[in-house]
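First comes the structure, then the notes that go with it.
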Amino acid sequence: MAYSHISLVDVCAKLALESVQDTEYIVAKCIQDGVIDATIDHTPQTMMSKANLDIYSTSDPQVQLHKRVAFCLDMHNQAIKAMRYAENAKAEWESAEERRDRLKQEEEMMNSMEEDDDF
């Protein structure tokens, strides 16, 4: 449910605040930050919301959708580029046997280095 005028006393009760003055400060801060599009009438202590424009009659939704789609497409293109491999990369991979030999050689080297350090 939407209201064009609402009493600050009612807002105070809904938010369970201690005083109407605290409520007025909080509402003023929300208005200043752009969270609420309204004004405060201090004499009757009411908040009056401004008329809502039909956002769909503007081009804003189209612009926002275009930005989001462009972002997604850019992320997709970057992911595709990141997944590309060089054509000869498979030739550089070592087989399981070559890997075992390399690890065995490394282990032997480490053992010989440890023996040299033992003196």
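The values are calculated or read from the model by the stated rules, or taken from the named source; none is laboratory data. Because the structure is predicted, anything quoted here is derived from the model rather than measured. Backbone-built Cβ (ideal geometry, glycine too); neighbour counts: all protein chains shown. Heads up: the accessible areas ignore ligands, DNA and RNA and are worked out on the full protein's heavy atoms, side chains in. Shrake-Rupley method; radii C 1.70, N 1.55, O 1.52, S 1.80 Å.
General remarks:
- Solvent exposure of the chain, expressed per residue, is 92 Å² of accessible area, with all protein chains present and a 1.4 angstrom probe.
- Helical runs assigned H by DSSP (4 residues or longer) give the chain a calculated mean residue ellipticity at 222 nm of -19500 deg cm²/dmol, each run adding -39500 (n - 2.57) before division by the residue total.
- With at most 15 neighbouring Cβ atoms within 10 Å, loop trypsin sites (Lys or Arg not before Pro) (DSSP) excluded, longest segment of the chain: 1-49
- Sites Glu18 and Leu73 - FRET efficiency at Förster radius 41 Å, r taken between beta-carbons, to 0.05: 0.20
- Close amide H partners of Thr46, meaning residues 5 or more places away or on another chain with modelled amide H under 5 Å apart, are Leu8, Asp41.
- Fraction of accessible area attributable to carbon and sulfur, the chain (%, probe 1.4 Å): 55 percent
- Note on Ile36 and Asp116: their simple-model spin labels are 7.8 nm apart, each label 7 Å out from Cα toward Cβ.
- Square roots of five times the Cα gyration tensor eigenvalues for the chain, Å: 70, 28, 10
- Across the options Val63, Ser49, Leu73, the greatest Cα extent toward the positive end of the charge dipole of segment 34-75 (unit charges at beta carbon of Lys, Arg, Asp, Glu) belongs to Leu73.
- Across the chain, Cα pairs under 8 Å and at least six residues apart give a relative contact order of 18 percent.
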